[in-house]
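Read the structure below first, then the notes.
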Amino acid sequence: MRPSLRLVAIAALCAGLSPTLPAQAGAIAAPTRLEAENATVSQGAVESNHAGFSGTGFVNGDNVAGPYVEWTFDAPSAGTATLSFRYANGTSANRPSDISVNGTLVADDRAFAPTGAWSTWATATLSAPVVAGANTVRATAAATGGNPNWDYLDADLSAAPGTDLQAENATISQGAVESNHAGYTGTGFVNYDNVAGSYVQFTVNAASAGTAPLTFRYANGTAGNRPVAVSVNNGTPVNLDFPVTSSWTDWREVTVNAALSAGANSVRATATGPSGGPNLDRLSVGSSGGGGTPVAANGQLRVCGVKLCNENGKQIQLRGMSSHGLQWHYDCLNTASLDALAEDWKSDVLRISMYIQEEGYDTNPRMFTDRVHNLIEQATARGMYAIVDWHMLNPGDPFANGNLNKAKTFFTEIAQRHNGKKNLLYEIMNEPSGVNWSRIRDYAHQIIPVIRANDPDTTILVGTPDWSSLGVSGSGDQTDTIRANPVNAANIMYTFHFYAASHGSSYYNTLSRAADLLPMFVTEFGTQTFTGGGGNDFTQSQRYLDLMAQKKISWVNWNFSDDPLSGAAFTEGTCPSGPFAGTSRLKPAGAWIRDRVRTPDDF
């Protein structure tokens, strides 16, 4: 969103507001954050001399084998937790750690690789069984160099949707059930014979036909990949890699989407190499039916030609909503509202708009980064895509105020923590203005390698001149300039913003032409004027939506909040309590756009 008029109005109306943190979801909860400085520490000290930590500090263990940090947390029920360790390792060597849960070793010599500097933090993740009630997680230095510096442990106690099927209960050909490597779930795991053709076959009962994610939990303590062909109901197999893990007690997960029939389905995982398959712990089957969630239906997105495609190469269109600024309307992004966005609105995507200036990131980088982390997890739990929006607005030069270095810090942390997810898109600049394309391109060339060093697969969205209007709001249509001097990177798209009551045929025609020449994504639009307020032009808005449907241009509407201006979906006072489902608290723009977001997807 760009106009200063709107910002002045919002600043006045929002003065004194204190955003409320969203409550955790019930069955699917945000991770529990356990700061290392509050844990039990043996042979180490709490320090704060390296920047970038969360909380009040981090734990620096003594440089010997044996020091540990032990965290304690409560789980509402027995199951499997995802444990994410945030750490820094400023040396040039791995600092392995033995990870145990409730006294049982679940990861032997778990690698914690160098991060490049003591102020560069990374996240390492593993899964482990937990019991109902109190649990302990201990990380013990396994070598004389000691542990890395520990910042925190995130314990994600979410109940995975769908069904868990233990490998030891499946049909096994050329393999055996064993239990000699710790960390498995159930009563054991399947050790494939070291031959091609050995397999494990599960029976999956689906309530309805549709696409479902199949997640295999495995360990591979060898030095090489152990590929498997996954087939459903004896159909065409899909080859799936099971990469090396650090040991046979280091359990990881790989996921593939598959079409299931209503009723019983056979899912066979057949070793294709002479070394056989990995050790297989279980198969988790996500929700199916009607394609399931947007992420379950499409998986990792990528750019193919000038279109956005899913992991199967099909051209798709995403439709969804943008948050308002997290500094003003974070209280509109809570469990109830996001449930409504995913389930009632049936949104494919949430754009997480984090302003840099205008009372945003600059005022408290740690807090705003953590808000983005939380919203990524909330979108992920609901099967929605998440656009991480570096919402630079005023000033419009992406290099101003040291914003390039701030962006590098921010996107490094985001990419390191979430690089295993398939549902992200990175919008590296919201609305550049007052600068030409060459300066925007230069910024992109500096920030994209930082992201790619940590996340090689996620699609990146690049702003365009004059408030992401492809230049129409300033110097004129820059489509040909961008084509002649494109960003030198793969898997990127260019953004376009419009407000239907202000932006008529010249904008419409520019978008229409550009979409045939460049990969385009409308990351922000409104049915009203460019101020975010004023009257709605639903006729012109529908004209744009018809064009975007025809050309499969993904779009996000501004905005999912109770802001007083007409562009907000909800009436004032709706947040944080709601109700958010249905139409009782929607403004005219909200009711109109909800109907369009809810239109069935063509996935």
Would you compute, from DSSP H runs of 4+ residues alone, the mean residue ellipticity of the chain at 222 nm, taking -39500 (n - 2.57) per run and dividing by the full residue count, rounded to the nearest 500? -5500 deg cm²/dmol
In Å², what does the accessible area per residue of the chain work out to with a 1.4 Å probe? 35 Å²
In whole percent, and with a 1.4 Å probe on the protein chains, what portion of the accessible area of the stretch 500-603 is carbon and sulfur? 49 percent
Sorted list, accessible surface of protein heavy atoms, 1.4 Å probe, largest first, for LEU333, LEU565 is LEU565, LEU333
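How much of the accessible area of the stretch 360-409, in percent, comes from carbon and sulfur atoms when a 1.4 Å probe is used?
Details: 740 of 1380 Å².
It is 54 percent, rounded to a whole number.
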Using the per-residue mean of other Cβ atoms lying within 10 Å as a proxy for protection, in what order, highest first, do the peptides 446-452, 266-272, 295-301 fall? 295-301, 266-272, 446-452
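What is the sum of charges, Lys and Arg at +1 and Asp and Glu at -1, for the other residues whose Cβ falls under 9 Å from the Cβ of ASP344?
Values: positive: LYS346, ARG594, ARG598; negative: ASP339, GLU343.
So the environment of ASP344 carries a net charge of +1.
Around THR574, under 13 Å between beta carbons, what's the net of Lys plus Arg minus Asp minus Glu among the other residues? Let's see the in-between values first.
Values: positive: ARG585, LYS587; negative: ASP331, ASP562, ASP563, GLU572.
My count for the surroundings of THR574 gives -2.
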Interchain or long-range residues, amide H under 5 Å from GLY44's placed H: ASP62
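Suppose accessible area is computed on protein heavy atoms with a 1.4 Å probe; arrange MET548, MET367 from highest to lowest.
Details: MET548 0, MET367 70 Å².
Listed by decreasing accessible area, they come as MET367, MET548.
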Structure-derived semi-axes √(5λ) of the Cα gyration tensor in Å: which label, when the choices are [x] 49, 33, 25; [y] 41, 29, 23; [z] 40, 33, 23: [y]
Calculate the spin-label point distance for ASN491 paired with ARG596, positioning each point 7 Å from the Cα along the beta-carbon direction, and give it in nanometres. 3.0 nm
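The values are calculated or read from the model by the stated rules, or taken from the named source; none is laboratory data. Values in this document were obtained by computation on a predicted structure and should not be read as measured data. Every residue, glycine as well, gets a Cβ built from its backbone with ideal geometry; the counts of neighbours run over all protein chains shown. Surface accessibility is based on the protein's heavy atoms, side chains included, excluding ligands, DNA and RNA. Shrake-Rupley method; radii C 1.70, N 1.55, O 1.52, S 1.80 Å.
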